[in-house]
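Here is the structure we will look at.
The values are calculated or read from the model by the stated rules, or taken from the named source; none is laboratory data. Treat the numbers as computed from the prediction; the structure is a model and nothing was measured. Cβ atoms come from the backbone with ideal geometry, glycine included; neighbour counts cover every protein chain shown. Each accessible area value is taken on the protein alone, full model and side chains, heavy atoms only, with ligands, DNA and RNA left out. Shrake-Rupley method; radii C 1.70, N 1.55, O 1.52, S 1.80 Å.
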Amino acid sequence: MKRLGMGLVGPGFIAAHHLDAVRRLGNVDIVGIAGSSLDSARKRARELGVERAYASHAELLADPAVQVVHNTTPNHLHRDISLAALRAGKHVISDKPLASNTQESRELAEAARAAGVAHVVTFNYRGHALVQQARAMIAKGKLGAPVFVHGRYLQDWLTDQDTYTWRLDPKRGGASSALGDIGSHWCDLAEHVTGSRIVAVLADLHTVVPVRRAPAESTKAFATRGKNAPRREVAITSEDLASVLLRFDNGARGSLIVGQVLPGHKNDLRLEVNGRLASVAWQQEQPNTLWIGHHAQANTLLERDPALLDASARGYAHLPAGHPEAWADAFRNLIADAYAWIRRGGTPETRPLALPTFEDGYRNSLVIDAMLRSHAAGGIWQNVGDDIEPPRKKGKRG
Ligand SMILES: NC(=O)c1ccc[n+]([C@@H]2O[C@H](COP(=O)([O-])OP(=O)(O)OC[C@H]3O[C@@H](n4cnc5c(N)ncnc54)[C@H](O)[C@@H]3O)[C@@H](O)[C@H]2O)c1
C-alpha cells in the first residue's frame, strides 16, 4: 500500500495522541511538526521522536511530502491554519472544536467542500465499538422510536481556583468554555448515535469560579498547580457549568449537564437513549460495556465482544472480549477511518459512516451557539441555526 505523509501543527497535549494513532496505522509517515516557534518545535520533535521541525505552519504546508495536516493548535488558531492547509490542497484532520465560532466554522466547512479533500474533526468518542453498536441498534429499530436522549459530561480538573488554561480565555478558547470544550463531544455523540439532530435548546449556564489565580506565565493546556509560582487574578466570563434541555428533529426530548468544577468526576461522559421498545446507555469511563434496558424482560449488559457486535461495529473492536479497549483505541479507530477516506480520494461518497467531517464540526458549533444564545436571552428556547446553504453562484447578488 502506498505510504502517506503527514505533518502536525500544534505539538501539545493532544498532538501526542494524534501521532500515536498515526504510528499504529503502520502505513503513514510522520514527516514533521510545527509549533509556536522553531525552538519549541525542535524540542517537541525530540520528545515525540519526530525527525523534522518546521519554523512555522507555512513552512510545513509548503513541503510536498506532507499530504495530510493535523491541526492540534489552540482553538483560536484552527481557522487560519486549517484554511491555509485546505488552500494548499492538503487533507485536513482538525481537533475539535472546528473553529472559535460559527462564522469561522462555516467558512471552513465550505472551504473543505470546495477543496475536494478529506476533512475530519476529531469527535473521537465515535470510534468506540459499543458507540457504533448503539448507533446500529437504533438505526435498525431495535429500540423503537427514541423518545428521550440524555446524559452528561462532567469533569473536576478546573475545581481549584489556581487552575488556569487558555480554554478559559475567550480570545483563545472561544466564547464558551465547558460547553465548547466537552459539551461539544456529547452533542456530537448524541446526534451521531441517534441519527437525529438537536433542533432547539434551552440552556442555563453558570460560572462557579468567577475569578481565577492564573500563573503569571503559562502555555500549558491543563492545570498548573505550583503554589509558589507568581500569580495574577483573571476574571472568568465563560461557563464552567451548564444545564440544557434539548429537542430533537424526530420529536425526542433530551437533557444534558456539563461541568468542569465537579469534584470526583474525571471524564464522566454518559449517553442514554430511551426508545419505545428498549434503552441503551454507554459511559466512556466503562467503555467496554453497553447497558441495554427493557421493560418486560431482564436488562442486559453487552460486553465488547467482536463476535456479538453488529457487523458495522465489529471493525472497531480489535481485542477479544475481556481485554479492555479504551480512549486511545477509539482515537486510533477514528484516525484509521480518516486515512481510509483519504486513500479512497476523500469524496463524499467514500467517507466511512462513523467519520465526523468539517460539516459535522460546523453543525456542532451551531448547537453550542444556540445554547449560548438561549442563556443570554434569559433561558428561553432557541432554534439551532440552519444547515450549510449551497454555495452561491458567482455573479449573483444578495
Ligand atoms: N479530541 C479531544 O478529546 C481533545 C482533547 C484535548 C484537546 N483537544 C483539542 O486540541 C486542541 C489543542 O489542545 P491541547 O490540549 O493539546 O492544547 P496544548 O496547549 O497542550 O497544545 C497546543 C499546542 O499548540 C502550540 N501552538 C501555539 N501557537 C502555535 C502556532 N502559532 N503555531 C503552531 N503551534 C502553536 C502550543 O505551543 C502547543 O504545543 C484544542 O483545540 C482542544 O480543544 C481535543
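Under 28 Å between C-alpha atoms is the cut-off here; go through the chain and count lysine pairs that meet it, provided they're at least eight residues apart or on different chains.
Final tally of qualifying lysine pairs is 17.
Note down the relative contact order for the stretch 4-124 as a percent, whole number, built from C-alpha pairs under 8 angstrom at least six residues apart.
Working: 224 pairs, mean separation 27.8, N = 121.
Rounded, it is 23 percent for the stretch 4-124.
Please say if the stretch 180-316 is rounded, prolate or oblate, where rounded means a/c under 1.5 for a ≥ b ≥ c the square roots of the C-alpha gyration tensor eigenvalues, and otherwise the choice is prolate for a/b larger than b/c and oblate otherwise?
It is prolate, given that a/c is not under 1.5 and a/b is the larger ratio.
Quick check: convex hull over the Cα atoms of the chain, volume per residue in Å³, rounded to an integer?
Details: hull volume 64.0 nm³, N = 398.
Dividing the Cα hull volume of the chain by its residue count gives 161 Å³.
Which residue fluctuates most in the GNM of the chain (Cα springs below 10 Å): 242, 109, 62?
Evaluated over the chain, the most mobile residue of the options is 62.
Can you classify the stretch 247-301 as rounded, prolate or oblate using the Cα gyration tensor, where a ≥ b ≥ c are the square roots of its eigenvalues, rounded means a/c under 1.5, and otherwise it's prolate if a/b beats b/c and oblate if not?
Working: a/c = 2.93, a/b = 1.33, b/c = 2.21.
Oblate is the answer for the stretch 247-301, as a/c is 1.5 or above yet b/c matches or exceeds a/b.
Dipole of the stretch 87-174, Cα-centred, from +1 at each Lys and Arg C-beta and -1 at each Asp and Glu C-beta, to the nearest 20 debye?
Using only the charged Cβ atoms, the result is roughly 520 debye.
Under unit Cβ charges (Lys, Arg +1; Asp, Glu -1), what dipole magnitude, rounded to 20 debye, does the chain have relative to its Cα centre? Each step should come with its number before you reach the end.
Details: 49 positive and 41 negative charges, 151 e Å.
My answer is approximately 720 debye.
State in Å² the accessible area per residue of the stretch 268-394; use a 1.4 Å probe, count heavy atoms of protein chains only, and round to the nearest integer. Walk me through the numbers on the way to the answer.
Numbers: 6320 Å² over 127 residues.
Using a 1.4 Å probe on heavy atoms only, each residue of the stretch 268-394 averages 50 Å².
Starting from the amide H of residue 116, placed 1.01 Å from N in the peptide plane, find each other amide H under 5 Å away whose residue is 5 or more places distant or on another chain.
none
Determine the calculated [θ] at 222 nm for the chain from helices alone, applying -39500 (n - 2.57) to every DSSP H run no shorter than 4 residues and normalising by the residue count; nearest 500 deg cm²/dmol.
Details: 11 runs with 119 residues, N = 398.
Value at 222 nm, helices only, nearest 500: -9000 deg cm²/dmol.
Given a 1.4 angstrom probe, what's the average accessible area per residue across the stretch 4-124, in square angstrom? Don't skip to the end; give the middle numbers.
Numbers: 4560 Å² over 121 residues.
That works out to 38 Å² for each residue.
Taking the Cβ of residue 154 as the centre, find all other residues whose Cβ is under 13 Å away and add up their charges (Lys, Arg: +1; Asp, Glu: -1). Don't skip to the end; give the middle numbers.
Working: positive: 152, 266, 270; negative: 156, 181, 240, 268, 285.
Around residue 154, the surrounding residues sum to -2.
Can you give me the three principal axis dimensions of the stretch 247-398 from its C-alpha atoms, in Å, biggest first?
60, 46, 35
Tell me, Kirkwood radius of the stretch 4-124 from alpha-carbon pair distances, in Å? Write down the numbers at each step before the final one.
On the way: mean 1/r = 0.0714 Å⁻¹.
In the stretch 4-124 this quantity evaluates to 14.0 Å.
Rounded to a whole number, what % of the accessible area of the chain do carbon and sulfur atoms account for, probe 1.4 Å?
On the way: 9230 of 17610 Å².
Its accessible area is 52 percent carbon and sulfur atoms.
Which shape class, rounded, prolate or oblate, goes with the stretch 304-346 when its Cα gyration tensor gives a ≥ b ≥ c as root eigenvalues, a/c under 1.5 marks rounded, and past that a/b bigger than b/c marks prolate? Mind showing how you got there, number by number?
Numbers: a/c = 3.85, a/b = 1.75, b/c = 2.19.
In terms of gyration-tensor shape, oblate.
Which length gain, in nm to one decimal place, applies between residue 297 and residue 204 when the Cα-Cα distance is subtracted from 0.36 nm times their residue separation? Intermediate values should be presented prior to the final figure.
Details: separation 93, 0.36 × 93 = 33.48 nm, distance 3.75 nm.
That works out to 29.7 nm of additional length.
Please tell me the relative contact order of the chain in percent, rounded to the nearest whole number, where contacts are Cα pairs under 8 Å and at least six residues apart.
Numbers: 880 pairs, mean separation 79.4, N = 398.
For the chain, the relative contact order is 20 percent.
Using only alpha carbons, build the gyration tensor for the stretch 71-140 and give me the equivalent ellipsoid semi-axes, biggest first, whole Å. Intermediate results must be reported in sequence, preceding the final value.
On the way: eigenvalues 138, 37, 24 Å².
They are 26, 14, 11 Å, listed from largest to smallest.
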